Amino acid sequence: MGPAPTGEQLCGAIGEPEVMEPALEGTGKEGKKASSRKRTLAEPPAKGLLQPVKLSRAELYKEPTNEELNHLRETEILFHSSLLRLQVEELLKEVRLSEKKKDRIDAFLREVNQRVVRVPSVPETELTDQAWLPAGVRVPLHQVPYAVKGCFRFLPPAQVTVVGSYLLGTCIRPDINVDVALTMPREILQDKDGLNQRYFRKRALYLAHLAHHLAQDPLFGSVCFSYTNGCHLKPSLLLRPRGKDERLVTVRLHPCPPPDFFRPCRLLPTKNNVRSAWYRGQSPAGDGSPEPPTPHYNTWVLQDTALESHLQLLSTMLGSAQGLKDGVALLKVWLRQRELDKGQGGFTGFLVSMLVVFLVSTHKIHTTMSGYQVLRSVLQFLATTDLTVNGISLCLSSDPSLPALADFHQAFSVVFLDSSGRLNLCADVTASTYHQVQYEARLSMTLLDSRADDGFQLLLMTPKPMIRAFDHVLHLHPLSRLQAACHRLKLWPELQDNGGDYVSAALGPLTTLLEQGLGTRLKLLAHSRPPVPEWGISQDPPKHKDSGSLTLGLLLRPEGLTSVLELGPEADQPEAAKFRQFWGFRSELRRFQDGAIREAVVWEAASMSQKRLIPHQVVTHLLALHTDIPETCVHYVGGPLDALIQGLKQTSSTGEEALAVAVCCYDDLSRLLWGLEGLPLTVSAVQGAHPVLRYTEVFPPTPVRPASSFYEPLQERSSLLPRLDKPCPAYVEPMTVVCHLEGSGQWPQDAEAVQRVRAAFQLRLAELLTQQHGLQCCATATHTDVLKDGFVFRIRVAYQREPQILKEVQSPEGMISLRDTPASLHLERDTRQLPLLTSALHGLQQQHPAFSGVARLAKRWVRAQLLGEDFTDESLDLVAAALFLHPEPFTPPSSPQVGFLRFLYLVSTFDWKNNPLIVNLNNELTVEEQVEIRSGFLAARTQLPVMVIVTPQDRKHSVWTQDGPSAQILQQLVVLAAEALPMLEKQLMDPRGPGDIRTVFRPPLDIYDVLIRLSPRHIPRHRQAVDSPAASFCRGLLSQPGPSSLMPVLGYDPPQLYLMQLREAFGDLALFFYDQHGGEVIGVLWKPTSFQPQPFKASSTKGRMVMSRGGELVMVPNVEAILEDFAVLGEGLVQTVEARSERWTV
Amino acid sequence: EPMERRPLPPHDPPGHPSPPISFPAIPIKFSEKQQASHYLYVRAHGVRQGTKSTWPQKRTLFVLNVPPYCTEESLSRLLSSCGLVQSVELQEKPDLAESPKESRSKFFHPKPVPGFQVAYVVFQKPSGVSAALALKGPLLVSTESHPVKSGIHKWISDYADSVPDPEALRVEVDTFMEAYDQKIAEEEAKAKEEEGVPDEEGWVKVTRRGRRPVLPRTEAASLRVLERERRKRARKELLNFYAWQHRESKMEHLAQLRKKFEEDKQRIELLRAQRKFRPY
């Protein structure tokens, strides 16, 4: 029909991957990423797929050379395995700076040097007289208070030196920074410049003048200010080359004093260098009391004096040892993946370099070690050493004038002294940050020790952003609130020390307060480090509050989350007052069962989900009580996703309770079955085989109480029927239970006869349950439905030998062998594997209470994307279980939110083509077995499904993914997850609140060729929709138990019945997508391959018609008639059929 | 050249080359409301010489592309205008052998959801077939006088039909088991009769019955025996006893390492190609 030649249009429709094309459309970058992924998909299967290695015998058994033996030995000693060695080498290649780029950077540095020494001088003026500064530049420092003594003049630097990692060769891409120290001439400085920020003022003015001149130079692409390590008193000047190298390198200029200008004894942590009289305009309270020490201020001055000596130390220790340098580079990557190195007070690359030096000097690291060994040793050291308690020092001198480590512990939370013994390298690192480093190191060590195959990937290649690493996060916004908090906490000396940086001053006390309050609920509390801003030279420096928000991450302890009580001391104990003071009005006297009268705090929480959110109550209460931070400033992100798995009526619960009620009812039923009298064979086992019984049903069942007027009763079979004149009744899905009988030789050995005997058992079971327990039952040939307490169970009697009977094949010689048949596999899956899986996951839920929430959110999301039909319930449950059983590099999630984010991450990054997802339920698989499974997987890859999930019970076949998804559907899921993850993370990390959390759950509809809109009247689960309708139809349920004891309408879901018919009739021509949880629309995608004209064949006429094309007769789908069929088959249910594309027209 | 969207007329327009197929098309619609129609492709049922077919030659009409809402009854009604219809059989795909006429149990073999099917329509007289081949249509499946249920109507009535009748099931099971028991008893009696009686070549079949049966002739059992033998042999063997054994096991270790190294290299190569070594 279109103007383009038919041939071309057809080409566009050829090839399965194109089906998903519209889904890949995205903005800019994403589109590109997706298209490259698509390309890999379209490639022949051999490419991008690991092949089993085949080496000839001659190659395998040839005489080894010396070189080879050495290499092998080295690998064995220095690295974990050859794979790890290769991986580390590749990674280093990727992050290391190439020689070519180094040359370009060197050239740029020479230019910078020339420019800097040629900046003209300025005559001397008072520090407060800044009129000489040109108009285009602002002083990069908040001068509060403004008045300060002293004079300033600009003279070109006496010396320009490159310091830091660049010279050592340990700097890593992509952000290459070169630190350059500019030694200010002695003439600029005066005595007592160490006092009252005078030195810092001069330093800032020095930079301002430099900036003004350098900005006019065409050599530089950008000239701007930043803070050195985030310290607000110490700006630095950033220079970037113009042109294509702009992103290559950033040169940071740090002015520093001439050597020996400051007397080190004046800068000890116990000394004061910011006078209260000057800073606060008042002398300290009660004359005569000493000035508070200013340890941080002193450290910042000291840092400037030690730049060169640190470089010298590092280059002598690391200089010639490549292994150490590699180790430092690996450590930097490790830190960066954990976001530990960035921001103010981060655990920087410089710190780990110094740590390596320390370990070398204490002989814990040898210079011949490999990078991997250095990484391991440093992690081991960090994991086992608490620098917040036992500081370390690089200083070897035993000079008595040096301060003791204890003095430093008094002043700083983390102590690591440099070789002078006076400078604490970790002065800005908070205790929380260090504990986080320690925690990460410990996790990494367990990972390295576990001999996991993909340790490298998890350790160095997996990013751990805060939102994905912590169970809950909370944002404090706006930050200006912290200023008031500082006053409330009486932190004036700290403010004086920090130069007015109230964020840093408040951080320590704040985290301590929350850690104490959260107590046993908390495993780890971490805080984001304020980002280091950059600003143009004509702008004022950013204020403290401009650094956005402060984000705290909470890693919760699942055991601690079940209690609603904070138990305090007994009322007459002296600690009681302290407890009362800490908890304020929430503390009450309570009498306990053992007779004790104690102080206690009780939080309001009835359901599991509310208990999970008790930390929210704790945090808001304590912050308001102790720091005057009101609730409106605390944006707690712990449960916004809960809304997606909340039922309709219980908005306070995420369904764990309702599931537990159903499971409890099932337990009762299984007891009844065990005790049943009169069955020819006794019951030997009752096993659940339904998502409800493993806590993973998205919407838990509620007891059914049918209103009889709503139904057509079928009295003689004691059942209810749906009525034509009423809306579709509520959807009731029976819960499958498998019932095994004791062994007996009486069973027939013929498949048809076994079926009949089983049917007889089903009938008998129904009869007995009705007789002995008065339960409403309904038996069919394959199952017995039982109505108990409003829940409907579907009992399936299983005979252990039946799968075997179905498998038996007799060879002509009379030998009986077992061969899998579809029927036997199906039966085995339903009666053996499914109950095993259900009980294993039920156990997992007992261990990890968040499992239910995660699995249900994940399933809900997949279904909301209309892909639910292609993934079995069990496969998605197993993926969710993998997040708990193999959480590395994280820990098992304790909240549905973080679990769901990791689910999206796993789905979007897992390489299904080359790896099976091993879910080691109950830890049954040994490491050796896992290796065997992996190699077996590679050998059999082409025969396996696209998505392979291995469990201890199912090591080869991946039963739950046998029938789907197809490669295209899986790809679609991967693309959707890759889009949803950053979007959702951005929403959750937005300090002003996440906004509409349902965005990522709404499916894209523009990719479908036809949309079939359904009438809500006949969608029984309409209210479960992602965007829950404001009003829906009555579904014939009573709120109180009614008189009717008839069997309710079971499994009657018109959309599902409709889909079944559609797939049966048009499955060859189209794919159908639907969200079973209240979807109002069915998406239809035509299969392009089926739309190619085909020659007439009796076997492929389905829904097609004959057309003549160029004199030839061919078959094409009869689209007009099919579209009308959509409406005919769904009469009453279908509202409209919208054909949205004309893709089928040829 | 753009294509014509036109159904193939039952008889070719003059000037067109004769089509390679001999299937006239009969338009069929669900009801009058529908605009477009599907096409039944019909042909007199005939088979190649030598092939067995149970459908009566000359009286059977073979119909392709029967829409899902079209039941056996409605097809029978629609074609009755051509002559008296003896039987209609709907199948998923063409099948020459007649489907088992014995009605399959509705309890144990529920009817599958229908898609597009093929039909074998047997007329009482051969004239019915030729009349059907000339049918112009369009046929209407559901008319006011003979409505066919679809959508909600159909699902509700299907649900009502599916509500099980335990009595009927019991009766069916009992009859089946009776017949089965009888069959087994007969077989046993026959086996007993044959026992000790030589067949025409003089072989005597001996069966052991008793509390401890002999090893069954199954594949699994024979594999088990072989495995046991192998283990017995392995237990007797000495490891790394002779120098050559030692040398060989060392070489084997080296070969393993080499193989692993090659595998790792391949893995790395793949990861590098996917740019998987970019840490951020």
**Prompt:** Which one is nearest to B:Tyr69 (Cα to Cα), of the residues in the range A:1110-1126 that are assigned to a strand (DSSP E or B) and free of Cβ contacts under 8 Å to residues at least 24 places away in the same chain?
**Reply:** A:Met1115
**Prompt:** Out of the range A:877-893, which residues are within 17 Å of the chain's Cα centre (by Cα), assigned to a helix (DSSP H, G or I) and not β-branched (Val, Ile, Thr)?
**Reply:** A:Ala880, A:Ala881, A:Ala882, A:Leu883, A:Phe884, A:Leu885
**Request:** Using the structure shown, decide if A:Ala781 is over 20 Å from A:Gly678 (Cβ atoms), within 10 Å of chain B (Cβ to nearest Cβ) and buried (at least 21 other Cβ atoms within 10 Å of the Cβ).
**Result:** yes
**Asked** Is there a residue in the range A:1126-1141 that is within 28 Å of B:Asp95 (Cα to Cα), within 39 Å of the chain's Cα centre (by Cα) and not hydrophobic (A, V, I, L, M, F, W, C)?
**Response** no
**Prompt:** So which residues in the range A:52-96 are facing chain B (nearest Cβ under 7 Å), surrounded by fewer than 18 Cβ atoms within 10 Å (Cβ to Cβ), of a type outside the set (Asp, Glu) and more than 18 Å from A:Thr368 (Cα to Cα), if there are any at all?
**Reply:** A:Val53, A:Leu55, A:Leu60, A:Tyr61, A:Pro64
**Message:** Give me the strands (runs of 3 or more DSSP E) completely within the range A:493-595, filtered to those with at least 1 residues that are aromatic (Phe, Trp, Tyr), ordered by residue number.
**Reply:** A:534-536
**Request:** Have a look at A:Leu351, A:Leu355 and point out the one that is modelled with pLDDT of 85 or more, of a type in the set (A, V, I, L, M) and in contact with a helix residue (DSSP H, G or I) (Cβ under 7 Å, 6 or more places away or on another chain).
**Result:** A:Leu355
**Candidate set from the range A:1092-1105 (those that are assigned to a strand (DSSP E or B) and either crowded, with 22+ Cβ neighbours inside 10 Å or basic (Lys, Arg) (or both)); member that is nearest to the other protein chains (Cβ to nearest Cβ)** = A:Met1105
**Item:** Extreme residue, farthest from A:Arg758 (Cα to Cα), among residues of the range B:180-191 that are surrounded by 11 or more Cβ atoms within 10 Å (Cβ to Cβ) and not aromatic (Phe, Trp, Tyr)
**Value:** B:Ala191
**Prompt:** Has the range A:1081-1089 got at least one residue that is over 30 Å from A:Ala858 (Cα atoms) and among the hydrophobic types (A, V, I, L, M, F, W, C)?
**Reply:** no
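How about the range A:783-869: which helices (runs of 4 or more DSSP H) wholly inside it have at least 1 residues that are in the same structural domain as A:Val879 (by the TED database) and modelled with pLDDT under 90?
none
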**Those residues of the range A:935-966 which are buried (at least 17 other Cβ atoms within 10 Å of the Cβ) and either outside any loop (DSSP other than H, G, I, E, B) or of a type in the set (Ser, Thr, Tyr) (or both), in sequence order** = A:Phe937, A:Leu938, A:Arg941, A:Ile949, A:Val950, A:Thr951, A:Asp954, A:Ser958, A:Val959, A:Trp960, A:Thr961
**Request:** Hey, could you check the range A:634-669 for residues that are under 25 Å from the mean Cα position of the chain (by Cα) and hydrophobic (A, V, I, L, M, F, W, C) and say which is nearest to A:Leu901 (Cα to Cα)?
**Result:** A:Leu641
**Asked** Taking the range B:252-273 on its own, how many of its residues are surrounded by 14 or more Cβ atoms within 10 Å (Cβ to Cβ), of a type outside the set (A, V, I, L, M, F, W, C) and closer than 19 Å to A:Leu92 by Cβ?
**Response** 4
**Prompt:** Which condition number does A:Met1060 fail, the rest of (1) more than 9 Å from chain B (Cβ to nearest Cβ); (2) surrounded by fewer than 22 Cβ atoms within 10 Å (Cβ to Cβ); (3) assigned to a helix (DSSP H, G or I) being met?
**Reply:** (1)
**Message:** Can you find a residue that is at the interface with chain A (Cβ under 8 Å from one of its Cβ atoms) and part of a helix (DSSP H, G or I) anywhere in the range B:183-201?
**Reply:** yes
**Asked** Would a scan of the range A:486-500 turn up a residue that is among the basic types (Lys, Arg) and either at pLDDT below 85 or surrounded by fewer than 22 Cβ atoms within 10 Å (Cβ to Cβ) (or both)?
**Response** yes
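Looking at A:Glu752, A:Glu712, A:Glu716, which one is in contact with a Leu (Cβ under 9 Å, 6 or more places away or on another chain), charged (D, E, K, R) and either at negative phi or in the same structural domain as A:Asp1053 (by the TED database) (or both)?
A:Glu712
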**Prompt:** Considering only the range B:108-166, how many residues are in contact with a Cys (Cβ under 7 Å, 6 or more places away or on another chain) and either acidic (Asp, Glu) or assigned to a loop (DSSP other than H, G, I, E, B) (or both)?
**Reply:** 3
**Request:** Might you check whether a residue that is touching a Lys or Arg at 6+ places or on another chain (Cβ under 9 Å) and at pLDDT 85 or above occurs anywhere in the range B:10-27?
**Result:** yes
**Request:** Could you grab the pairs with beta carbons closer than 7 Å, sequence gap of 6+ or different chains, first residue in the range B:78-96 and within 17 Å of B:Lys111 (Cβ to Cβ) and more than 11 Å from chain A (Cβ to nearest Cβ), second one among the hydrophobic types (A, V, I, L, M, F, W, C) and surrounded by 12 or more Cβ atoms within 10 Å (Cβ to Cβ)?
**Result:** B:Val88/B:Leu75; B:Val88/B:Ala119; B:Val88/B:Val121; B:Glu89/B:Ala119; B:Leu90/B:Val66; B:Leu90/B:Ala119; B:Gln91/B:Val118
**Request:** Examine the range B:85-107 for a residue that is more than 30 Å from A:Pro722 (Cα to Cα), buried (at least 17 other Cβ atoms within 10 Å of the Cβ), touching a Gly at 6+ places or on another chain (Cβ under 8 Å) and at pLDDT 85 or above, and state whether such a residue exists.
**Result:** yes
**Message:** Looking only at the range A:687-739, how many residues end up being hydroxyl-bearing (Ser, Thr, Tyr), buried (at least 22 other Cβ atoms within 10 Å of the Cβ) and modelled with pLDDT under 90?
**Reply:** 1
**Prompt:** Looking at (1) over 30 Å from B:His153 (Cβ atoms); (2) away from chain B (no Cβ under 11 Å); (3) buried (at least 21 other Cβ atoms within 10 Å of the Cβ); (4) of a type outside the set (Ser, Thr, Tyr), which is the one condition that is false for A:Gln746?
**Reply:** (3)
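The values are calculated or read from the model by the stated rules, or taken from the named source; none is laboratory data. As the structure is a computational prediction, the values presented were derived from the model and not from experiment. Note that each Cβ is placed from the backbone with ideal geometry, even for glycine, and that neighbours are counted across all protein chains shown.
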